[in-house]
Ligand SMILES: Nc1ncnc2c1ncn2[C@@H]1O[C@H](COP(=O)(O)OP(=O)(O)OP(=O)(O)O)[C@@H](O)[C@H]1O
Ligand SMILES: [Mg+2]
């Protein structure tokens, strides 16, 4: 019941969907989560010689198949105290499993147990097993194995993942029980998440569209490295010669691209839109939809429009929990990046590899600026007190300082070098 309720509340699904595929079955219509046809218009796109099911057949031996009793034991009979989360699919428990060969230390895992109400859940389970059985990247959650039993007491579908001790980005951004997520960690998380998406879109022989990018699906490991989770809604990108996949519209309110909602035409650029939404969540510390705020502030994207990245009032939207422990310049750059990701026209949105590049540039400039600031702090010689306000002649110590800066400038390039030059001009002219 929770699942249907949840879909009503948070997720949406427009068209009804067809029967569930079997795990080992090769799909006829490349259909993972919707009963949708790949009826497609226009031209050009990546070729997909082998689809996910074929790749899965090759790699499936990497996944462990668990018995239900093993997982019951691992979670102390799905003890309430071990429950760590609940989503549209079902409940998530922390558990401990023995190694497959019975030797060595047990491994801590997260076990997701499907609620028993649905075809939709079963289809998502199949998709998750097939995608995560194939995909491999440091920024994607690792599926260890699964359990599927169709017994007298109904069907049981479970998934066993590597445990992520720092829960999700959603928890750290919006739950006051967690300490404030520092600015640099936010940037590190968003870069890793972007790399995960870029891998899905551009790093495989088949393109994968994630379709459910949101802060609750960005899990965090012990070092706050992000890992994308939940591939239940993922699907293959368009076949060669096509620009999009026509699908049933599924996703989460507040994150899905408007063009996808309107037309059902799915492209990798739908994920780029969702990424833009999460960029604004990271900047503001606000959820994409918040019903308990004044009307004009309920929809994050509408609210932030009133505070453009290049305006003076931009700083007003930054997460107050950061308490000025962030760089406003960097924040503006992130907002500008978010704005292009949120372009109305999908074609104008950048590719995820471009987003990754931009995020790296933003980080690099800041690191250079930081090291420049540090170098400035290292210049310890005190400035003589100026006796006249209108003294236009550079003092001896200023000249020495400039010579020192110039020297430093020889060893740095890019923005920090430019910054040094600007400083020199400002003083000398
Ligand atoms: N591998 C994992 N390690 C640790 N915690 C996890 C793991 N997977 C999920 N969780 C926890 O369980 C919570 C629920 O996850 P789940 O994916 O079921 O739902 P959701 O992402 O919150 O919502 P939705 O169903 O809409 O995707 C997560 O927010 C996270 O806190
Ligand atoms: Mg999730």
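Can you compute the modelled spin-label distance between residue 296 and residue 78, with each label point 7 Å from Cα toward Cβ, in nm?
Here the answer is 4.8 nm between the modelled labels.
Before anything else, pin down the relative contact order of the stretch 200-265: Cα pairs under 8 Å, at least 6 apart, normalised by residue count, whole percent.
After rounding, I find 30 percent.
Cβ neighbours within 10 Å, averaged per peptide: list 194-205, 124-135 in order, most packed at the top.
The peptides rank, most packed first, as 124-135, 194-205.
Given a cut-off of under 8 Å on Cα pairs at least six residues apart, what relative contact order in percent is computed for the stretch 174-284?
Computed over the stretch 174-284, the figure is 26 percent.
In nm, to one decimal, how far is the residue 176 label point from the residue 324 one, both placed 7 Å along Cα→Cβ?
Modelled inter-label distance: 2.3 nm.
Could I have the simple spin-label model distance between residue 357 and residue 62, label points 7 Å from Cα toward Cβ, reported in nm to one decimal?
Taking the simple label geometry, residue 357 and residue 62 are separated by 2.8 nm.
With the contact rule set at Cα under 8 Å and sequence spacing of 6 or more, what percent relative contact order holds for the stretch 224-299?
22
Need one number: convex hull volume per residue for the stretch 173-313, Cα atoms only, in Å³.
So the per-residue hull volume is 143 Å³.
Averaged over every viewing direction, what's the projected area of the C-alpha convex hull for the stretch 58-184? Give it in nm², one decimal, please.
The Cα convex hull of the stretch 58-184, projected and averaged over all directions, gives 9.8 nm².
Quick one: order 107, 75 by neighbouring beta-carbon count within 10 Å, fewest to most.
107, 75
Can you sort 213, 66, 224 by how many other beta carbons sit within 10 Å, fewest first?
Listing 213, 66, 224 from fewest to most nearby Cβ atoms yields 224, 66, 213.
Using a ≥ b ≥ c from the Cα gyration tensor of the stretch 60-129 (square roots of the eigenvalues), is it rounded, prolate or oblate, where a/c under 1.5 gives rounded and otherwise the larger of a/b and b/c decides, a/b for prolate?
oblate
Going by a ≥ b ≥ c, the root eigenvalues of the Cα gyration tensor, does the stretch 189-257 fall in the rounded group (a/c under 1.5), the prolate group (a/b larger than b/c) or the oblate group?
Oblate is the answer for the stretch 189-257, as a/c is 1.5 or above yet b/c matches or exceeds a/b.
Checking the a/c ratio against 1.5 first, then a/b against b/c, what shape does the Cα gyration tensor give for the stretch 270-357?
oblate
No lab work stands behind these numbers, since they all come straight from the coordinates. From a predicted model like this one, the values you see are computed outputs, not experimental measurements. A quick note on method: Cβ atoms are made from the backbone with ideal geometry, for glycine too, and the neighbour counts reach across all protein chains shown.
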